[in-house]
Every structure is written in structure tokens, then in C-alpha cells.
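Here's the structure we're looking at; comments come further down.
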Amino acid sequence: MSIFKKSKKNDTRNGQVYYRPMRDITLLRLFILPTIILLIVINVFPLFWSLFLSFSRYSAKMPNIWGTNPRMIGTINYSRILTDPDMWIRFITTAKYVVLSVGGEMILGFGLALLIFRSDFKAKGLITTLLVLPMTMSPVIVGLMWQLFYDPNWGTFNYLLGLGRIDWVSDPARNLYSIVIVDIWMWTPFVMLLSIAGLSAIPKYLYEAAEIDRASWWLKFRKITLPMVYPLLLVALIFRTIEAFKIFDLPMGIVGRGAVAPRLLSLHLYNVSFVTWKTSYGSALGYIMLIIIIATTSIFIKYLNKAKQ
Amino acid sequence: MAIIANRKRRIGRWVLIIVLIVITFIYLIPFMYIINTAFKPWTGIKVYPPTVIFKPSIGSFIRIFTSRTVYPPGEVPTEEEISGMKWYERIVYKETNEEVVRLGDFPRRYLNSIIICSISTLITVILGTIAAYGFSRFNVRGKDDLLFFILSTRMLPPVVVVIPVFLMFRFLGLTDTHIGLILLYIAFNVSFAVWVLKGFIDEIPTEYEEAAMVDGYTRFQVFRKIVVPQATTGIAATAVFCFIFSWNEYAFAFLLSRKIAQTVPAWLPYQMGVLGYDWGAAAAGTFIFLLPAMVFTIILRKHLVRGITFGAIRK
């Protein structure tokens with residue numbers, strides 16, 4: 001280790017050896033490099049490996065024989081995915097899931113934030129904290145408990161809503177919505193927290209000025225509240241869209257990955273890669289998902305940058 | 001006029017408060033339901049309509065902690081044997097007619113969760129703090145690109161990275177080991193830690209450091225004796241966040257652990273006993289498992305916004 005080595009230029013004043021202090025650049029390298037190296041080894045390298053696999057034919061279950069089990073086959077995996085009509089159903093189901101859950105979270109979260117922000121009582125902090133609890137719980141365990149909650153025979157969900165014995169979990173026509181409900185329950189507080197942060201940052205004088213002009217409630221909301229909170233809502237939208245698109249643990253907890261499970265991309269990716277062991281096909285699907293995420297995020301970020309100006 | 005407007009406002013205020021309390025109550029029903037189910041006796045779990053008031057039983061908690069077998073017909077224990085049983089054995093026998101064999105798998109899985117999450121959190125926070133200090137105080141070439149690169153690794157869907165990670169771990173023999181999951185969770189959380197901690201360290205004025213350096217402190221001494229103590233709150237908050245993230249992590253744990261290093265989320269949903277899926281025990285396990293995350297969330301409440309947005313928004 002070079003920092004601990006005695007430098008040749010060591011001071012030897014008064015017969016005592018002074019070590020030359022570590023140079024800033026050495027310290028900087030020592031501080032930053034471990035993180036970068038770790039990320040390269042565990043994140044970037046696998047990503048390139050995955051990219052390579054997606055252009056080959058490979059199954060992790062078979063013995064590795066170079067030239068046979070991975071065998072380069074070009075873009076066949078990608079073209080097979082994109083021409084598969086089943087896959088389009090999965091894309092649409094996933095998109096539906098994202099739109100419904102994120103849409104619900106944005107509306108409810110913002111509404112709840114407005115309520116909390118307008119109210120003035122001492123337990124406001126307590127209520128916010130309690131509402132936030134679902135967000136930091138393990139999705140798969142929460143999903144498991146909702147599976148019990150939804151149970152058609154003795155579940156409390158149907159009972160509380162006064163519904164009959166509706167099967168929310170194993171009915172393929174309905175279980176996508178049952179996951180959407182749990183997703184909204186879990187992540188509405190996220191949008192709420194960000195909205196409250198946005199609302200508290202609006203300077204009071206704007207409203208006072210509007211008050212003098214006798215602006216209506218709706219006008220104030222539309223011209224002051226909404227534009228001021230908009231950037232934060234967009235941040236919430238970006239985070240939630242990415243997370244909802246790659247949702248895996250919540251459906252695993254509620255429905256599992258079996259035949260009745262909703263046709264979500266991430267569940268399919270798991271089945272393809274680790275149940276039927278079409279590793280390379282799975283990698284290609286993973287890459288397509290990654291491209292969708294990057295594309296969506298960059299569109300949102302463009303809007304965000306525009307909003308910030 | 002003014003009095004009426006005032007009274008109207010006061011009524012409005014109370015309506016708002018009541019609405020909020022009702023919403024919060026409805027919101028917490030699933031949690032109350034978990035606690036309710038965890039304390040139900042064996043026969044009460046599958047009762048419809050669900051009961052709210054009943055004689056609580058800790059049978060579910062005993063069942064999640066133990067491994068049991070059903071008494072074969074004809075070998076029912078005699079009165080004498082029952083009176084010789086330990087208290088928990090008697091409860092289990094009375095509720096499900098089972099015999100306690102040994103300690104169950106749950107304590108082991110819980111311990112795994114604690115070990116893996118604590119060690120990975122500790123290392124993540126150390127790496128994150130020093131990297132964040134580097135990024136905060138020095139002009140690194142391509143700093144923005146590097147920071148964005150660090151963040152982008154977090155945005156990858158776990159299901160995409162997990163295929164090559166699975167192959168790599170299998171090649172290195174890291175599958176189902178504590179070290180494997182610890183490494184993975186460090187990599188998974190370090191990007192988060194760097195971003196949030198950079199925000200915290202940016203807020204510490206540099207004047208103290210400069211003054212200390214004039215007084216002859218080296219950079220490292222400045223970091224250790226001035227920056228770290230001032231960033232303690234931030235470091236603690238980040239640590240709690242990292243702990244919660246790895247505590248809740250499922251995709252990697254589910255795929256890369258089978259038995260030895262398995263954590264609770266990867267284990268709890270797949271426990272079929274001889275009597276079918278034991279929902280009471282699952283609820284008891286869930287209750288014990290969610291408790292730390294709940295406590296931490298309450299401790300963290302002031303830093304939540306900052307944490308969930310990777311430090312992008314500082315309230």
C-alpha cells in the first residue's frame with residue numbers, strides 16, 4: 001500500500017522521522033475506488049455478460065461447452081420475443097398495471113397531501129407517520145398477508161366491503177386488480193410525502209397576493225399550487241413508474257408465479273430464466289425491459305428539466 | 001357575519017380532522033388484521049365472518065418457532081403425559097393436536113436476516129461515507145457522470161441483473177452463502193448510500209475543515225474528527241434505510257439462497273406444513289418480521305422524504 005510506505009522525501013528534522021502526509025489525490029482514490037470497483041464487479045460486469053448471453057443460445061441448466069451452449073445466434077432471441085403475440089399481451093398487461101397503480105397513487109397521494117397540509121392539529125405528524133408505514137414493509141410479506149386478507153372463504157376484505165365470496169387471488173380476470181389495490185395501498189404514502197414536501201415549499205405570499213386579487217379557490221389551486229408542486233409530482237411519477245414496471249415481489253407474495261398469475265413481464269422473465277431455464281431468452285427479455293425503463297425515464301427527466309426552468 | 005364565518009371554519013377544521021383520522025384507521029386495517037390473526041387460536045383463523053374479539057392465544061407464535069408432527073391416531077397422550085408437558089407443548093397439543101419436535105426454521109432464518117442485513121449495512125455505510133466525502137469535497141474528473149453511473153446501477157430491475165449474478169455466484173460457489181448475499185446487498189445499497197450521504201456532507205460547511213487543516217490536521221484526520229461527527233445523523237439515517245432495504249429484499253434472496261443463508265422474506269411464503277399452509281403461524285412470523293421495520297420507520301420519520309428520493313429532495 002503506497003500510502004503507508006515511507007516517502008523518500010521524509011523530513012528528518014531533529015533526528016525524528018516525519019511522514020509525508022497523504023496527498024489528497026491518493027486519499028480521493030482510496031475513498032472512491034472501492035465503491036466503483038464493487039459496482040463494476042457486481043453490477044456492470046453482469047450486465048455485459050447478460051448482453052452477450054442475449055445474443056446467444058444458452059441454458060444455465062446444461063453444461064458449458066463453448067460453441068454449443070453458449071452459441072452465438074445473433075438477434076434471434078429479440079426477434080422471437082417481439083414477434084410473439086403472447087408477449088404483446090404481457091407488455092400490455094404490464095403497461096395496464098403501471099398506469100392503473102401509478103395513476104391511482106398519484107391522485108390519492110396528492111389528494112391526501114392536500115388534506116393533511118390544509119389541516120392544522122397537533123397529531124398531524126403522527127398521522128403522517130402511521131400512513132407511511134406500509135411503504136417500508138417487505139412487499140412479499142405484505143403481499144402474503146393480503147393473500148389471506150383477500151381469501152374468498154374466510155378473508156376479511158370481501159367481508160368489510162360487503163362483497164360476496166369474490167375470488168381476488170386465483171381468478172385470472174381479477175388478480176391483476178387485486179395486486180394494483182395492494183400496490184396503491186403501499187405506495188400512495190410515497191406520493192403523499194413528496195407532495196407534502198412540495199406544498200410546504202410554496203411561499204405564503206403567493207396565496208396572500210392571490211387573496212387580495214380575490215382569486216377563487218380553483219384558480220389558486222391551478223395557478224399556484226399545481227405549478228409549484230409539479231416538479232415533485234414528476235419525481236414521484238418517475239420513481240413509481242420504474243418501480244411498478246419492474247414489480248416482482250408483490251405479485252409473488254399475493255398470487256405467486258403459477259399458471260393463474262397475471263401476465264406481468266417480470267414474472268414471465270423469472271419463469272423463462274429459472275423454471276424453463278431459457279437463460280439467453282430471459283436475458284434478451286431483461287434487456288428489452290431495461291431499454292423500456294431507460295426510454296421512459298429519459299422522457300420524464302426531459303419534462304422535469306423543462307419544469308425546473 | 002364574521003362569527004358565522006369563524007364557526008364555519010371551526011366546523012370545517014374538525015371535519016377535516018375526523019376525515020383524516022378515519023382515513024388513517026382504514027389505512028391501518030391490514031396491519032391490525034395481521035396482529036389480529038397472529039393472536040387468534042387455531043380454530044378461529046378460518047372463521048367467517050371474521051371475529052374481532054376473542055380469547056387471544058399465543059399458539060401461532062409457538063407454531064412459527066417450532067417444528068411439529070401430528071400424533072398418529074391411537075397414540076393420543078394420556079392425562080399424565082399431558083400434565084408432564086411443558087407449557088408450550090400443552091398449548092400446541094390442545095390447539096392442533098401436534099407434538100413439538102424441535103426448534104423450527106424460523107429463528108434460523110430470522111438470524112440470517114439480522115446477520116446479512118447488519119453486516120451489509122455496516123460495510124455499505126462505511127463505503128458510502130468515504131465515497132460521498134470524496135465526491136462532496138474534491139473535484140473528481142467526470143464527477144457528474146460517475147455519480148449518475150452510481151445511481152443508474154440502482155435503477156436496474158433486479159430480475160435483469162439476477163441472471164448473470166446467478167451464473168457468477170454459481171461459478172464462484174457463492175450461492176446460498178451469507179457472504180454472497182452480503183456482497184450483493186452492499187452493491188445494491190451503496191449507490192443509495194453515496195447519494196444520500198453526499199447530500200448530508202454537502203450541508204456541512206467546509207470552514208471547519210479548512211481551519212483544522214491550517215492547524216496541521218491531515219485530510220484523513222479532518223475526515224475522521226470533523227466530518228464524521230457532524231454527519232452522524234445523516235449516517236445513522238442512511239444506515240437505517242440500508243437496513244430496511246436489505247431487510248425487505250426478496251428477488252435476490254429468493255433466487256440465491258436455498259437453506260443456509262435464506263432470509264425470512266424468501267422463506268416465509270413457502271411453508272406448507274402437514275396441516276396445509278398455517279396462516280396463523282405466518283401471521284405471527286409476519287408480525288415479528290415487520291416489527292423492526294416499523295420501529296425504524298417511526299425513528300426515521302424526519303428523514304423519510306430524503307431517503308426515498310435518494311437525497312434529491314431535502315425538506
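The values are calculated or read from the model by the stated rules, or taken from the named source; none is laboratory data. All of these numbers come straight from a predicted model, not from anything done at the bench. Because the Cβ atoms are built from the backbone with ideal geometry, glycine has one as well, and the counts that use them run over all protein chains shown. Heavy atoms of the whole protein, side chains included, go into the accessibility calculation; ligands, DNA and RNA do not. Shrake-Rupley method; radii C 1.70, N 1.55, O 1.52, S 1.80 Å.
For every residue, the table says whether it meets (1) at pLDDT 90 or above; (2) under 29 Å from A:I73 (Cα atoms); (3) part of a helix (DSSP H, G or I).
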site	(1), (2), (3)
A:K223	no, no, yes
A:M252	yes, no, yes
A:V260	no, no, no
A:V272	yes, yes, yes
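When residues of region A:246-260 are filtered for being over 15 Å from A:W146 (Cα atoms) and over 14 Å from the mean Cα position of the chain (by Cα), how many remain? Let's see the steps before the verdict.
Pass one, region A:246-260, residues over 15 Å from A:W146 (Cα atoms): A:246-248, A:257-260.
With over 14 Å from the mean Cα position of the chain (by Cα) added as a condition, the list becomes A:257-260.
So the answer is 4.
Residues B:V76, B:V92: which one is outside the structural domain of B:A284 (by TED's automatic domain parsing), at pLDDT below 80 and among the β-branched types (V, I, T)?
B:V76
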For the list (1) assigned to a helix (DSSP H, G or I); (2) facing chain A (nearest Cβ under 7 Å), I need the number of the one condition that B:G12 fails. (2)
Criterion first (open to solvent by less than 70 Å² (accessible area, probe 1.4 Å), more than 28 Å from B:L268 (Cα to Cα) and either modelled with pLDDT of 80 or more or within 14 Å of chain A (Cβ to nearest Cβ) (or both)) does B:I23 satisfy it? yes
Given (1) within 28 Å of A:P189 (Cβ to Cβ); (2) open to solvent by less than 50 Å² (accessible area, probe 1.4 Å); (3) hydrophobic (A, V, I, L, M, F, W, C), B:V52 misses just (2)
Say whether the condition of being in contact (Cβ under 8 Å) with a residue 60 or more places away in the chain and open to solvent by less than 30 Å² (accessible area, probe 1.4 Å) is met by at least one residue in region B:289-298. yes
Residues of region A:77-98 being out of contact with any helix residue (DSSP H, G or I) (no Cβ under 9 Å at 6 or more places or on another chain) and among the β-branched types (V, I, T), in sequence order, are A:T83, A:I89, A:I92
Which condition number does A:N77 fail, the rest of (1) open to solvent by less than 40 Å² (accessible area, probe 1.4 Å); (2) modelled with pLDDT of 90 or more; (3) within 30 Å of B:T129 (Cα to Cα) being met? (3)
Specify the residue that is surrounded by the most Cβ atoms within 10 Å (Cβ to Cβ); the eligible residues are those in region B:170-193 that are more than 25 Å from B:L147 (Cβ to Cβ) and facing chain A (nearest Cβ under 10 Å). B:R170
Within the group A:L267, A:L219, which residue is in the same structural domain as A:G198 (by TED's automatic domain parsing) and open to solvent by less than 10 Å² (accessible area, probe 1.4 Å)? A:L267
Counting only residues that are among the aromatic types (F, W, Y) and touching a helix residue (DSSP H, G or I) at 6+ places or on another chain (Cβ under 6 Å), which one in region B:134-151 is surrounded by the most Cβ atoms within 10 Å (Cβ to Cβ)? B:F135
Consider B:I123 against the criteria (1) more than 30 Å from B:N189 (Cβ to Cβ); (2) aliphatic (A, V, I, L, M); (3) open to solvent by 40 Å² or more (accessible area, probe 1.4 Å): it satisfies all of them except one. Which criterion is unmet? (1)
Taking region B:234-270 and the residues there that are more than 10 Å from every other protein chain (Cβ to nearest Cβ) and outside any helix (DSSP H, G or I), the one that is nearest to B:V159 (Cα to Cα) would be B:S257
Residue pairs qualifying under the 7 Å Cβ cut-off, at least six apart or on distinct chains, with the first in region A:181-201 being at the interface with chain B (Cβ under 8 Å from one of its Cβ atoms) and the second being open to solvent by 10 Å² or more (accessible area, probe 1.4 Å) and basic (K, R), are A:A197/B:K315
